[in-house]
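Okay, structure first, notes after.
The values are calculated or read from the model by the stated rules, or taken from the named source; none is laboratory data. From a predicted model like this one, the values you see are computed outputs, not experimental measurements. Cβ coordinates were reconstructed from backbone atoms using ideal geometry, including for glycine residues, and neighbour counts include every protein chain displayed.
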Amino acid sequence: MKEEFPADALIRRFLLGDVDEEERERIERRFISDHEVYEKIIVLEDELIEDYLENSLTASDREKFYAQYGHTPEERRRLRIVKAIKDHAVAEAMSSQRARSAKSKWPNFLSALRLRNPGFLIPVATVLIIAFVAGLVWLMDIRNKRAEETNRRAAIERELADLNAPSGVGKVTPQAFSLVLPPGSVRSVGPENEFRARTDIRVVELQLLWTQKEQYPGYQAVLRRVGDSERLTIPNLHVQETAGGAAVPLKLPAHILTRGLYQITLSGVGSDAPGQAEEYSFRVRD
Amino acid sequence: MPQNSDAPPESFDELLAWINPDRELAAATYLDIRRALVKIFRWYHCADPEGMTDETFERVTKQVHHLRETFEGDPKHFFYGVARNLIKEYQKTVKSYVSIDDVQLAGDPPQEVDEESSEMREECLSSCLQNLTTEKRDLILAYYAREKSAKIEQRIAVAEQLGVSIETLRVRMYRLRMALEQCIERCLDELERANETD
């Protein structure tokens, strides 16, 4: 009787090095002797690599994956190559999509204007001119709003960069509120990850605990308020040893934080492998 | 054929005959075993998976005459057993930090590979993509064109277009990507060597 196929979940655990020696040997034996099992495993391994590169693994699986597939410089190079292939394909698809839509719009529009009766052309032209002028006004308004928004963002990013400049790290900030954040998703936010907005608080000092084994020359944080599309990037952060373990300090001006749930993605940068990332969450209450 | 083999060619014929009496099937199975062994050695982070696969074949070839008369069961299991022994030997060597001369068995400790620049990667990727047929190039670009949840629909559409199942497509794409990866690795090695000599 043919042996049953190992379940996908078991194969994933096997690939992440999360099975005992006996199970490992059993799966490897099937891998070499049963062609269907071989194909299933290589496909699931491929899926796992893609999940890692798309940042879709849990923090613990990422760690296990990296131990298995980022163990040697050659393995890390292989990961960078797969990432390059994927990025190239995505970029190609986007540029050909843009080219297609640019090509297809004008011929369609022009063919719609091929009216049999030329009498229609005058009202159509009038409507087009009015639409063009209205569009122009609308575009200028949007442009002004965008410029204002860009200036506001630039001011915030400058403020964030100043607050988090290496010279300011470790300095005591007056009117600051401190919060130690372990990694965790927005679902794990509890009272210990909350603070109340107060007028006397000027700066919120976060200590983002870095629990990954791998440390990096630098870190980058991306802050977003859950439900908003705006993202603020804070580069050039550095890990420090604190009483609670390794942590990356991050200072935020209190005026940019309004009531709601916030998420920070902290990624390692500047190493020879795709940087690992951790997520942190906190809530601001009135 | 096993590389650097000390065994005479007739032993290799005997090995194939032991794997399968049908020579064509035996050759295909030989390649399957080879691919699987390389992968297994890689899972154990062996420094030279291809070399250790050669060594496995070498060891089995040396015993094949005897095996044909005595071994009962699937020859693949025997290959696996030999590979397991090699892995244990390798792990012992790595753990004890004893330098060895037998390059094929364990290889040198992994050399630190300097990270290539993204420009070098892009250059090699473009050149290796150009080496593929238009059909294969379009296929790999279409397969990886989307990420996360969007990729599932995209890949189903690609499979439908080719008239194959999604599983078949995934295996086909794995093989194609492996070939592309190997081409890029070779290209990067060449560029790095050229940079060193400059």
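Checked against the criteria, B:GLN130 does not count as at the interface with chain A (Cβ under 10 Å from one of its Cβ atoms), at pLDDT below 95 and under 22 Å from A:ARG78 (Cβ atoms). When segment B:46-59 is filtered for residues that are among the acidic types (Asp, Glu) and within 13 Å of chain A (Cβ to nearest Cβ), the ones remaining, listed by number, are B:ASP48, B:GLU50.
Being among the hydroxyl-bearing types (Ser, Thr, Tyr), more than 20 Å from A:SER96 (Cα to Cα) and either exposed (fewer than 12 other Cβ atoms within 10 Å of the Cβ) or without any contact (Cβ under 8 Å) to a residue 60 or more places away in the chain (or both): is that true of B:SER126 here? No; evaluated as a whole, the condition is false for this residue. The residue pairs whose first member lies in segment B:60-87 and is away from chain A (no Cβ under 14 Å), whose second member is buried (at least 19 other Cβ atoms within 10 Å of the Cβ) and outside any helix (DSSP H, G or I), and whose beta carbons are closer than 7 Å, counting only pairs six or more residues apart or on different chains, are B:THR61/B:PRO2.
Which residues, counting only those in segment A:120-163, are without any contact (Cβ under 8 Å) to a residue 24 or more places away in the chain and among the acidic types (Asp, Glu)? Let's see the steps before the verdict.
From segment A:120-163, those without any contact (Cβ under 8 Å) to a residue 24 or more places away in the chain are A:120-152, A:154-155, A:158, A:162; that's our starting set.
Within segment A:120-163, A:ASP141, A:GLU148, A:GLU149, A:ASP162 meet the criteria.
Note on segment A:1-60: residues that are within 25 Å of B:PHE78 (Cα to Cα), out of contact with any helix residue (DSSP H, G or I) (no Cβ under 8 Å at 6 or more places or on another chain) and either in a helix (DSSP H, G or I) or within 11 Å of chain B (Cβ to nearest Cβ) (or both) amount to 5. Looking across segment B:138-196, the residues that are more than 10 Å from chain A (Cβ to nearest Cβ), surrounded by fewer than 13 Cβ atoms within 10 Å (Cβ to Cβ) and not in a helix (DSSP H, G or I) come down to B:GLY163, B:SER165. Please specify each residue of segment B:92-123 satisfying the condition of being over 18 Å from B:MET52 (Cα atoms) and either buried (at least 16 other Cβ atoms within 10 Å of the Cβ) or at pLDDT 75 or above (or both). The answer is B:VAL113, B:GLU116, B:SER117, B:SER118, B:GLU119, B:MET120, B:ARG121, B:GLU122, B:GLU123.
Here A:ARG231, A:ARG224 are screened, and the one residue that is modelled with pLDDT of 85 or more, within 26 Å of A:TYR66 (Cβ to Cβ) and touching a Lys or Arg at 6+ places or on another chain (Cβ under 6 Å) is A:ARG224.
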